[in-house]
Structure formats: structure tokens, C-alpha cells
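Here the structure comes first, spelled out in C-alpha cells, and everything after it is commentary.
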Amino acid sequence: MGGGSGGPSSSTSYTSNLPEYAKPYFERMMERTEAESNQPYVGYKENRLAGFTGDTQAGFQATRDIAARGTPESAQAIQIAGQAGAAGAGDINAARGMVGTSGGMIGQANQMVGSTLAAGAPQMQSARQVSYDALAAGAPDVSQARSLASQATVGGMPAANAQRFAQQAVGRGFDAGDYASNAIRQSAFTGESAGQYMSPYMENVVEAQRKAAVRNFEEGRPARESQAIRSGAFGGYRSAIQEGVAQRGLGQQLNEIEATGRQKAFENAQAQFERDRAASMSAQATTEQQRLAGEQFGLSGAGLGLQGAQAIGQLGLGQQGMSLQASQAMSDLASRQQGLGLQQAGLLGQLSTQQQQLGLQGAGIGLQGAGLNLQGARDLAQMGLGQQQFGLQQAGALGQLGAQQQQLGMQQAQALQQQGGAQQAQEQRGLDIAERDFLNQRDYEKQQLNYFSNIMRGIPVQPSQTVMQYQNPNQFAQFAGLGIAGLGLMR
């Protein structure tokens, strides 16, 4: 920028206004920071990711083995089910043929039964007619016997009335026996009861006594003041004490008047309550005795009626028994007549029945043969169905066993994977902790410098720089410098 001697035209120097007490700290911090910045990178050389454990690998392998194995039991079960269906089909077809043969035999037996029933029908009709005739011959005697039984009376009154009277008497006895006593009610003397029985004029009496006491107190005031004047204490401390004692006595007298009046009213109310309760209990007891006497009187009347009904009933039963014996004799006679006719009809019916039984036995033999064929067909069909069901059961059991084995294997593989996952997670937590500890140890100096730098920034000291320029050492430059310096001083 300048000429002359060829030296530097200007130079710059740096100064700081840091106080002496803070300067060493800033310098040491800068030295440590520079040293830390020159440190080479230190990498973490340990494992950062936990690998699969042996249990996890075993679980993965077990899952792959189960998937590769598949479900051979299902295919085997389907094959067994097809073999069982084919094995039972032959027996079922043979059973169907035997059922057709049995149907023809049953038709022949039905034809024999129809012929037998047609041959015995006239004889059965004759037996029925003989039975009807015998019943018609004995019917008048039976009707007359019933009439004699219904005409039995007791002194001109049907025996049924005596039984009705006996039942009514028993009913009255039962009604009387349902007697249940009523408990005598007692009431307690409570505060509400006391208020109901206390005299309504008690407040007026107490108030009159209180007014009389106040009036006596006021009337005695002039005498107390005269006595205070005579003793020279009127208007002083002693006079006030005497007046306070008199008022306290008045208050005590008023309280005693009210307490005495209320106590006396309470005692009178309690006495009146006890008198009313005793009268109520006496009335209840009298009513209960009267009701009990009425119930006992009803029991006595019911017992007398029951005895009379029993006597009438016994007399009626005796006469009724005699009439019933006569009607029984007539009924026996009619029954014998009817019995003879029924025996004849029975003989005819037995003859016809024997003929029918012979024909039915022949038809039964045919039906038995058909039944044997049907039973054989059922046995064959059941055998075929049993073979099929047994094969299907085996196939179902085999399929369920395969599914259960596969499910159990998957559960075991999942259990191994869960256990291995827990171990892997625990190992990963340990690796993460080791890496954090390494980073904290590696960066400890930097963190301390950062902490120290933050503290130093909080000190009220702001470093600054000052730039100083020096001109060439010629005469003209010296004069110019002096002029500039003078201007600076003037400012």
C-alpha cells in the first residue's frame, strides 16, 4: 500500500481484555479442546447385535421339520375310509336280497291268516249271540237288586243324609280347632307419648311463676338501693356486686321454676300413660277370654253333632246292610244265569279260536321263516355297517392323532422360540449396556470440556480483539501518524 523504504505498510496485533483470573482457565480449556480434537476415532469393537440362541434355532428347525413332514396320517385315513366302505358294501347288498325273499314269505303268511279268519267268523258270531242272550236274561234281576240297595233309609231319612250331617259336624270341629291366641300388645312410654299426655296448660303455669319471680325481683330493687345508700356503696363496685348476686339468684330461681314444672308435668303424663296402658291390656285380655270361650263352646257343639251323626250313620248302615244282602242274593242268581249262557258262548268261541289258532300257527311258521331271513339280512347289514363305522373311526382317530402330533410339535417349537427369544433379548440388553458404557467412557473428556465450557460462558467476561496499524517509517508517514493520533486524542 505504500512506497518509500519498501517495508511493511501495516501490521495487525491481537489483544484481549480477559481479566487475569479468567485467562488461565480459558487457555487450559483451549489446550484440552485442541488435544481432544486431535484424538483418533476409537470404534466399538464388541458385538452390538445378539444372535439367535440354540433354543431359537432348534425351534426354527422343528417348524421346518413339521412343514416338510406334512400330514401323512390324513392321506392314510382317507385310504382306510375307502377300504371300509368297499368292505361293507358286499354285506349290505346281500342283506337287500334277503329282504326281498322275506317279503314274498310275508305275503304268503298274510294270505293264510285271511283264510283262517274267514273260516272262523260264523262260529264267533254265534258265540257273541249266545252271550248277548245270557246278559239280557239276567238284566231284570240286577236292576231289581240295585233298586233295593238305593231304598235303604234310617227312620224314613236316607242314610246319605246321616253321612252329610257327620261331615258337617267334623268340619265345625276342624274350624273350632283352628283357634290361635292373639298376643296382648304393649306400648312403650317414649318422648312422643310424653308430649301427648303432658298438660297443655303447663307452659302457662310455668310462665306465670317466672313472671311472679321477676316481679318480686323488681320490687326488691328499691330496698337494695336504699341499703346501698345507707352503707355508702351506691353506684360503686360493691353496689354492682350486690346487683349481680341478686340477678344470678333470679336466674337460678327461674331455672328451678321451669325444671320443677316440666318434671312434674312429665311425672303426671307418665302416670296417666301407665293407667291407660293397664286399662288397654285388661280390655285385650277380657276380649281374648271371651273369644276363647266362644271357640270352646263351638268345639263342644261340634262334638255333640258329630256323636249324633255317628249314631244315625251306624243305624243307617245296619239297615242298609240288610237291603244290600237281599240285593246281593238276587244279583248272584242273575249272575249264575248269565254265567251259564256265557259258558256256552265260551265253548263255541273256544272251538272257533282253536280252528283259527291252527291256521295262524301255519301262517306264523311262514312269518318266522321270513323273520329269520329278515334277521339274517339285518345281521349282514349291521356287519357291513359295523365294518364301515370301524374303518371310519380308525380313519378319524388316525387323522386326529396326526393333527394332534402336528399341533403338539408346533407348540413345542413355539415354546423353544419363545425361550430362545427371551435369552436373546436378555443378551441384547447386556450388549446395549456395554455399548453405552463404552461411549460414555470414550466421550467422558469431551463431556467434561463441554460442561466446563458452559460454565465459562456464564462468566461475565467477553474476549475482544484490537487491530493496530503501523505506517512506513518515512517523514511524511510519521507526520500523518502523529496527526491521526492527535485526532484520536481529541476525540
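The values are calculated or read from the model by the stated rules, or taken from the named source; none is laboratory data. Given the structure is predicted, the values throughout are model-derived calculations rather than measurements. Glycine gets a Cβ as well: all are built from the backbone with ideal geometry, and neighbour counts include every protein chain shown. Each accessible area value is taken on the protein alone, full model and side chains, heavy atoms only, with ligands, DNA and RNA left out. Shrake-Rupley method; radii C 1.70, N 1.55, O 1.52, S 1.80 Å.
Identify, from the list 397, 381, 345, 363, the residue that is open to solvent by less than 30 Å² (accessible area, probe 1.4 Å) and within 57 Å of the chain's Cα centre (by Cα).
381
Report whether or not residue 40 is at pLDDT 85 or above, in a helix (DSSP H, G or I) and within 24 Å of residue 445 (Cα to Cα).
Criteria not met by residue 40.
Identify all residues within the stretch 273-299 that are among the small types (Gly, Ala, Ser) and open to solvent by less than 50 Å² (accessible area, probe 1.4 Å); write none if there are none. Walk me through it before giving the result.
Kept after step one, since they are among the small types (Gly, Ala, Ser), are these residues of the stretch 273-299: 278-280, 282-283, 285, 293-294, 298.
Of everything in the stretch 273-299, those that are among the small types (Gly, Ala, Ser) and open to solvent by less than 50 Å² (accessible area, probe 1.4 Å) turn out to be 285, 294, 298.
With the checklist (1) more than 21 Å from residue 203 (Cα to Cα); (2) of a type in the set (S, T, N, Q); (3) open to solvent by 40 Å² or more (accessible area, probe 1.4 Å) in hand, flag the one item residue 270 doesn't pass.
Unmet for residue 270, out of (1) more than 21 Å from residue 203 (Cα to Cα); (2) of a type in the set (S, T, N, Q); (3) open to solvent by 40 Å² or more (accessible area, probe 1.4 Å): (1).
So which residues in the stretch 429-447 are assigned to a helix (DSSP H, G or I) and open to solvent by less than 70 Å² (accessible area, probe 1.4 Å)?
Of the residues in the stretch 429-447, the ones assigned to a helix (DSSP H, G or I) are 429-442, 444-447.
Hits for the stretch 429-447 are 430, 431, 432, 434, 435, 438, 439.
Keeping to the stretch 27-65, report how many residues are open to solvent by 70 Å² or more (accessible area, probe 1.4 Å) and closer than 20 Å to residue 428 by Cβ.
7
Read through the list (1) at pLDDT below 80; (2) open to solvent by less than 70 Å² (accessible area, probe 1.4 Å); (3) more than 60 Å from the chain's Cα centre (by Cα), then give the number of the only condition that residue 101 fails.
(2)
Only one residue in 66, 80 is under 30 Å from residue 420 (Cα atoms), part of a helix (DSSP H, G or I) and in contact with a Gly (Cβ under 8 Å, 6 or more places away or on another chain), so which one is that?
Result: 66 is the single residue among 66, 80 that is under 30 Å from residue 420 (Cα atoms), part of a helix (DSSP H, G or I) and in contact with a Gly (Cβ under 8 Å, 6 or more places away or on another chain).
Each row is one residue, and each column tells you yes or no for (1) of a type in the set (A, V, I, L, M); (2) modelled with pLDDT of 75 or more; (3) under 60 Å from the mean Cα position of the chain (by Cα).
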position	(1), (2), (3)
285	yes, yes, yes
290	no, yes, yes
294	no, no, yes
301	no, no, yes
323	no, no, no
329	yes, no, no
334	yes, no, no
338	no, no, no
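Could you please give the count of residues in the stretch 1-26 that are surrounded by 13 or more Cβ atoms within 10 Å (Cβ to Cβ), modelled with pLDDT of 65 or more and of a type outside the set (A, V, I, L, M, F, W, C)?
Residues meeting the conditions: 2.
Residue 426 is checked against (1) modelled with pLDDT of 75 or more; (2) open to solvent by less than 80 Å² (accessible area, probe 1.4 Å) and fails just one. What number does that condition carry?
Tallying (1) modelled with pLDDT of 75 or more; (2) open to solvent by less than 80 Å² (accessible area, probe 1.4 Å), residue 426 fails exactly one: (2).
Could you please let me know if residue 93 is out of contact with any helix residue (DSSP H, G or I) (no Cβ under 8 Å at 6 or more places or on another chain) and either aliphatic (A, V, I, L, M) or open to solvent by 100 Å² or more (accessible area, probe 1.4 Å) (or both)?
Taking the combined requirement at face value, the residue does not satisfy it.
So which residues in the stretch 212-242 are within 29 Å of residue 262 (Cα to Cα), surrounded by 12 or more Cβ atoms within 10 Å (Cβ to Cβ) and not aliphatic (A, V, I, L, M), if there are any at all?
217, 220
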